[in-house]
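The values are calculated or read from the model by the stated rules, or taken from the named source; none is laboratory data. In this text the structure is predicted, and so the values were computed from the model without any measurement. Here the Cβ is made from the backbone with ideal geometry for all residues, glycine too, and neighbour counts use every protein chain on show. Side chains included, ligands, DNA and RNA excluded: accessible areas come from the protein's heavy atoms. Shrake-Rupley method; radii C 1.70, N 1.55, O 1.52, S 1.80 Å.
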Amino acid sequence: MDFRNQQSIESLSDELRAWFSEGLGSELLEAEQRMIDRLLPGLYGCHLLQVGIDPLLDLTSQSDVPHKVILYHSLMLGMPQSSIVALSSELPVETNSVDVVLLHHALDYTSTPHPVLREAARAL
């Protein structure tokens, strides 16, 4: 895949939310949720950051981390109060301030995956 020609998550967000809400997308999301539910209870800390394709989708319900934040690229009606509006390649959090980062398809829909990973690693 050529990431330089990849459409941005900003331009695909409505279509992605629709795809994940029915049919094959819904089945994939359910399988991902089962895997995440098995992994999250073993991860500890004070702050969890979820970066993904739908700010209304909380994948972290099984986590014991008390402070959970969802990051999304734009403001959307119904987002949790603890949401952050920012780009995944420019996280507005301090270095070493997050204990768990969940990148839910954040790398799939970016033309620059390295800055997203670099920012996640910096925040951890």
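Note: relative contact order over the chain, using C-alpha pairs below 8 Å and six or more positions apart, is 28 percent. Each label point was placed 7 Å from the Cα along the Cα-to-Cβ direction; for GLN33 and ASP108 their separation is 1.6 nm.
Calculated mean residue ellipticity, 222 nm, the chain: -10500 deg cm²/dmol, from DSSP H runs (n ≥ 4) at -39500 (n - 2.57) each, averaged per residue and rounded to 500. Remark: the chain carries 59 Å² of accessible area per residue (probe radius 1.4 Å; ligands, DNA and RNA excluded).
A simple spin-label model places the labels of SER21 and MET79 1.8 nm from each other, with each point 7 Å out along Cα-to-Cβ. The Kirkwood hydrodynamic radius of the chain, based on inverse pair distances between different Cα atoms, is 15.0 Å.
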